[in-house]
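Read through the structure below, which is laid out as structure tokens, and then see the notes.
The values are calculated or read from the model by the stated rules, or taken from the named source; none is laboratory data. Small disclaimer: the values here were computed from a predicted structure and weren't measured. Every residue, glycine as well, gets a Cβ built from its backbone with ideal geometry; the counts of neighbours run over all protein chains shown. The protein model used for the area step is the full one, side chains on, heavy atoms only, and it has no ligands, DNA or RNA in it. Shrake-Rupley method; radii C 1.70, N 1.55, O 1.52, S 1.80 Å.
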Amino acid sequence: MLDAARWTVLAPLLQAATAGPDLLDATIRGLTPGAVAEEVLKEIGEHDVRLDLTFDGVTTSHLLAGADVVVSLDLADAVRGLYAGQPWSSLAVSTPDPEIDERGVQGWFAARKGLAPSVQGLLSALRPVRRDLGELAVELGTDKWGDLHWYTQHYERHFARLRTEPVRVLEIGIGGWDDPDSGGGSLRMWQRFFPRGLVHGLDIARKNVSGPRIMTVRGDQSDAEFLDRLGRELGPFDVVIDDGSHFNDHVRTSFHALFPHVRPGGLYVVEDLQTAYWPGWGGHPEGTDGTSIGMLKSFVDGLNHAEVGDPRGTGTSLQRTISGISFHHNIAFVEKGLNAEEGGPEFLRTFY
Ligand SMILES: C[S@@+](CC[C@H](N)C(=O)[O-])C[C@H]1O[C@@H](n2cnc3c(N)ncnc32)[C@H](O)[C@@H]1O
């Protein structure tokens, strides 16, 4: 089911997380502080301390409300820390300090130390550190690094400029195939990699994967009409990744259906291009026209369409919206952007 309403609170909140204080406050007021606090709590998970969040002078207690260790924050500060990694200006932590006794200062520190892990756990959930994508892949269980593939170094480089943006990501192929409780490693990895990202996963099989900023959709990547509807309802996307069936005709159908729903400046990524050379997958040992790599290779000539036909560069609508393409072992990144530069003048073409 396509559920665009799922992001009613999160989409504007993630946009406003890096805005100035007035705009962020106005956004929280518009969405209601209660709904915003609910998103913050979903993101940080469970902790055995009390979290007091204050907005417009009203404080509400959350998590383990009866606990005597209390972390207090302005709600706007919590939003900025969580989604934008910004330091807090309003943080206060109160712990019931132990009495000084016959064990002296060392004993006092030892008794106090017991409280630290729960506070540190909450604070690190409230402002997660930036992690390397390879580490995240291993921890969250996707094969994008060190298990068949070595993709994260390429993702890290191409996605660097998008990392802190409020991106919409769509990945075809959630993982785990027919097991509904398996897979989702890469969706969790993107959720963590993009702190302001909304992450959508598409799979032909039913999936029970969830997360505060993850939505899953069931459908077939070879169904162009369905993909177009998905793009209209949940897009436009900043990033689309095809890690689905890897059948060559599916890869081509998905690209043509979804590339129009990629935002200018966004990227369309195709993984596992080895199947382009394997006949059993609809490939050809020479990566000819009908294969996924054949399609991608044709985009290289398309980049220079204005040098072949009309120098004013009319080109096809697809050629005019592909501004770059990068190939690595088994993975390609297609950049969406206006490619309408003029070609060389007619006289120069026949100069020699
Ligand atoms: C390689 S796994 C995805 C792994 C995941 N992206 C990761 O990195 O953890 C491929 C997934 O594609 C799904 N799939 C296969 N054919 C599909 C199709 N026609 N449409 C959508 N999903 C499909 C499978 O069910 C499987 O879960």
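Of note:
- Residue in the stretch 172-192 that is of a type in the set (D, E), within 10 Å of the ligand (Cβ to nearest atom) and out of contact with any helix residue (DSSP H, G or I) (no Cβ under 9 Å at 6 or more places or on another chain) present: yes
- When restricted to residues that are open to solvent by less than 40 Å² (accessible area, probe 1.4 Å) and under 25 Å from P12 (Cβ atoms), the stretch 33-53 contains 10.
- Checklist (1) more than 16 Å from the chain's Cα centre (by Cα); (2) hydrophobic (A, V, I, L, M, F, W, C); (3) under 19 Å from D203 (Cβ atoms) applied to I293, failing item: (3)
- Filtering the stretch 36-86 to residues that are without any contact (Cβ under 8 Å) to a residue 60 or more places away in the chain, part of a helix (DSSP H, G or I) and of a type in the set (G, A, S) leaves A37, A76, A78, G81.
- Number of residues in the stretch 173-205 that are more than 13 Å from the chain's Cα centre (by Cα) and either closer than 14 Å to F237 by Cα or in the same structural domain as A11 (by TED's automatic domain parsing) (or both) equals 1.
- Tally, over the stretch 156-191, of residues that are surrounded by fewer than 16 Cβ atoms within 10 Å (Cβ to Cβ) and touching a Gly at 6+ places or on another chain (Cβ under 6 Å): 0
- Residue count, the stretch 329-345 (criterion: open to solvent by less than 40 Å² (accessible area, probe 1.4 Å) and either in contact (Cβ under 8 Å) with a residue 60 or more places away in the chain or not in a loop (DSSP other than H, G, I, E, B) (or both)): 7
- All positions within the stretch 88-129 that are in contact with a Lys or Arg (Cβ under 8 Å, 6 or more places away or on another chain) and closer than 30 Å to H158 by Cβ: P128
- The residues of the stretch 201-243 that are part of a loop (DSSP other than H, G, I, E, B), away from the ligand (no atom under 12 Å from the Cβ) and in contact with a Leu (Cβ under 7 Å, 6 or more places away or on another chain) amount to a single one, R213.
- Looking only at the stretch 251-286, and only at residues there that are assigned to a helix (DSSP H, G or I) and open to solvent by 40 Å² or more (accessible area, probe 1.4 Å), the one that is nearest to the ligand (Cβ to nearest atom): T253
- Of all residues assigned to the stretch 149-163, at least one qualifies as being at pLDDT below 95, near the ligand (Cβ under 10 Å from one of its atoms) and over 16 Å from the mean Cα position of the chain (by Cα).
- Hits in the stretch 206-239 - residues which are polar (S, T, N, Q) and either over 20 Å from the mean Cα position of the chain (by Cα) or over 15 Å from H261 (Cα atoms) (or both): N208, S210, T216, S222
- Residue ID - modelled with the highest pLDDT, chosen from residues in the stretch 94-148 that are over 30 Å from A17 (Cα atoms) and aliphatic (A, V, I, L, M): V105
- Conditions (1) among the hydrophobic types (A, V, I, L, M, F, W, C); (2) within 19 Å of L2 (Cα to Cα); (3) open to solvent by less than 30 Å² (accessible area, probe 1.4 Å): number failed by I204: (3)
- Listed by first and then second residue, the pairs with beta-carbon distance under 6 Å, at least 6 apart or on different chains, first residue in the stretch 257-276 and at positive phi and acidic (D, E), second modelled with pLDDT of 95 or more and open to solvent by 10 Å² or more (accessible area, probe 1.4 Å), are D272/H246; D272/N330.
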